[in-house]
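Written out below as structure tokens is the structure these notes cover.
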Amino acid sequence: MKKILVLHGPNLNLLGSRENEIYGDLTLAEINKRIKKFAKEKGFVVDLYQSNHEGELVTKIQEAKGTVDAMVINPAAYTHTSIAIRDALAAAKIPTVEVHLSNIYRREEFRQKSLTAPIALGVISGFGATSYLLGLQAVWENISQRHKVR
Ligand code: CA2
């Protein structure tokens with residue numbers, strides 16, 4: 001069975017408590033529950049991981065090489081700052097979709113630049129918790145099909 005790693009970056013553990021008008025009212029546990037249900041329906045395994053630490057995310061991405069088939073990542077604020085996470089994603093060479101709860105392109109200018117997006121197959125931004133499910137669907141189709149779009 002294929003295995004997909006879902007990575008949540010810093011402060012996503014605070015979801016549901018504050019800033020609900022931007023990020024929705026679901027907690028991270030509720031989002032993870034939806035992800036697990038989706039994985040069960042489609043027939044793949046998910047590994048769910050959240051960290052507030054850049055280095056821990058880098059280590060998790062390094063460890064994913066050879067052990068997972070694909071990744072969905074919400075790098076959160078590190079999207080806009082982290083060359084280290086970008087380099088780790090580039091080195092891992094694992095099909096990855098970047099997701100965001102909010103539409104980063106209709107927010108502050110500093111959020112409109114993603115350092116990690118060029119390493120991803122694509123980006124889904126602005127659909128709340130559904131962004132994760134759309135990201136999983138996209139990467140699942142990518143690794144399941146024989147003739148991949150590059
Ligand atoms: O829209 C997204 O998914 C983001 O990746 C979320 C990040 C933000 O820095 C990115 O620009 C866009 C923030 C993650 C969670 O932030 C919270 C802060 C307070 C309360 C709840 C969540």
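Every read-out reported here was derived from the displayed coordinates using simple, explicitly stated rules and does not represent laboratory data. As the structure is a prediction and not an experimental result, all values here were calculated from the model. All Cβ positions, glycine included, derive from the backbone under ideal geometry; neighbour counts span all protein chains shown.
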### Message
Roughly how far apart, in whole Å, are the Cα centres of region 16-35 and region 98-124?
### Response
18 Å
### Task
Return the aspartates and glutamates within reach of Lys33: Cα separation strictly under 17 angstrom, same-chain partners fewer than 8 residues apart disregarded; answer none if there are no such residues.
Asp25, Glu41, Asp47
### Query
To the nearest 0.05, how large is the calculated FRET efficiency for Val45 and Ala77 if R₀ is 25 Å and r is the Cβ-Cβ distance?
0.30
### Summary
Eigenvalues of the alpha-carbon gyration tensor of the chain, times 5 and square-rooted, give semi-axes in Å, largest first, of 22, 18, 15
### Summary
Under the 7 Å Cα-to-Cβ spin-label approximation, Glu19 and Glu56 lie apart by a distance in nanometres of 1.8 nm
#### Entry: Calculated from backbone phi, Karplus (6.51, -1.76, 1.60) coupling profile of region 19-29 in Hz, x at Gly/Pro
6, 5, 5, 9, 10, x, 9, 7, 7, 4, 4
### Summary
For region 1-108 the GluC sites (Glu not before Pro) that pass both the DSSP coil test and the at-most-16 other-Cβ-within-10 Å test are Glu19, Glu108
#### Entry: Residues with amide H under 5 Å from that of Gln50, placed H, sequence gap 5 or more
His8
### Summary
Everything considered on the Cα gyration tensor (a ≥ b ≥ c; rounded for a/c under 1.5, else prolate if a/b is larger than b/c, else oblate), region 9-62 must be described as oblate
### Task
With only Lys, Arg, Asp and Glu charged, each at its Cβ (+1 for the first two, -1 for the last two), find how big the charge dipole of the chain is about the Cα centre; round to the nearest 20 debye.
580 debye
### Selection from Asn32, Asn142, Val72, by position along the positive dipole direction of the chain (Cβ)
Asn142
